[in-house]
Amino acid sequence: MGPKHREETPGPRASGLTHEAHSKDVEQVYLRCSAGSVEWMYPTGALIVNLRPNTFLPSRHLTVCIKPFRDSSGANIYLEKTGELRLLVQDGASEAGQVQCFGLQQGGLFVEATPQQDISRRTTGFQYELMSRHSSPDLHARSAPCRPCSDTEVLLAICTSDFVVRGSIQDVTHVPEHQESIIHLKVNRLHRQKSRVFQPAPEGSGPWQGLVTTLLECGVRPGPGDFLFTGHVHFGEARLGCAPRFSDFQRMYRDAKAQGLNPCEISTE
């Protein structure tokens, strides 16, 4: 069976074509939406994945991030440009499930099946997201990933983040193999969320709750106090951005508003 790709837009989901098995050694797949996934069952030969987004932005302003399925197997994934290959995800390696990002002008994706005695047990796949360079996170080259945000960064994050919530840290689960920590939040005030990351408590009353991921090296621990949590959602996972104490946010927002410098409105109560 050939490759399938599913693409997502703010409107209805669109489906791509399924290619006939083994019709040629190298197949072409064209992706025109800003987010979606590619699934290649029984991989043999290779795929050239062409990213042709329906956007007016030039390629130098666009970043692509891919996240292989955790059970992806049967092929290596490369970044290819003018015949030169750079390995992004090796078949069977530990980076499966981790996000890899590159500028669209750096090339496209070349997915090459690895020799297998039984391809019927193999499926290669990944999710992808396309975003503008100025808004995309640098997931691999943070110079100070745990540095507290400045007042200006906090005020901008309030306006541009996928989620903005007031709450506290109930618990933290550390995942050393992925160098991440999962923060369990108790949300007292939901200011905004792009997707349904935060949900009402199971009993149907009281605060909302949700999970937010950050880097293990930041050493986040549960404790008392209210914070304003901001961040972005990538591949359905909420990643922590700026998170000042709520009292500090109130102070910086009040000062900015007095000077007419607050970039957007938000309740401080």
- Task: Go through the stretch 248-269 and give me each residue that's polar (S, T, N, Q) and under 15 Å from Ser150 (Cα atoms).
- Result: Gln250, Asn262
- Lys194 passes all but one of (1) within 24 Å of Met131 (Cβ to Cβ); (2) buried (at least 18 other Cβ atoms within 10 Å of the Cβ); which number fails? (2)
- Of all residues in the stretch 212-269, which are more than 26 Å from the chain's Cα centre (by Cα) and β-branched (Val, Ile, Thr)? Thr268
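Let's see how each residue does on (1) touching a Gly at 6+ places or on another chain (Cβ under 7 Å); (2) basic (Lys, Arg):
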site	(1), (2)
Lys194	no, yes
Val197	yes, no
Ala201	no, no
Thr213	no, no
Cys218	no, no
Pro224	no, no
Arg239	yes, yes
- Item | Hits in the stretch 201-217 - residues which are surrounded by fewer than 19 Cβ atoms within 10 Å (Cβ to Cβ) and either in contact with a strand residue (DSSP E or B) (Cβ under 7 Å, 6 or more places away or on another chain) or polar (S, T, N, Q) (or both) | Ala201, Ser205, Pro207, Trp208, Gln209, Leu211, Thr213, Leu215, Leu216
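Among the listed residues Leu88, Leu109, identify the single one that is over 13 Å from the mean Cα position of the chain (by Cα), modelled with pLDDT of 85 or more, under 23 Å from Leu216 (Cα atoms) and not assigned by TED's automatic domain parsing to the domain that holds His234. Show your work before the answer.
On the way: Leu109 fails: under 23 Å from Leu216 (Cα atoms).
Matching residue, one of Leu88, Leu109: Leu88.
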- Query: Do you know which residues across the stretch 130-171 are crowded, with 18+ Cβ neighbours inside 10 Å and at pLDDT below 90?
  - Reply: Leu130, Met131, Ser136
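Restricting to the stretch 44-86, name every residue that is assigned to a helix (DSSP H, G or I) and not basic (Lys, Arg).
Of the stretch 44-86, the ones assigned to a helix (DSSP H, G or I) are 59-61.
Within the stretch 44-86, Ser59, His61 meet the criteria.
The values are calculated or read from the model by the stated rules, or taken from the named source; none is laboratory data. Because the structure is a prediction, the values reported are computed rather than measured. Cβ coordinates were reconstructed from backbone atoms using ideal geometry, including for glycine residues, and neighbour counts include every protein chain displayed.
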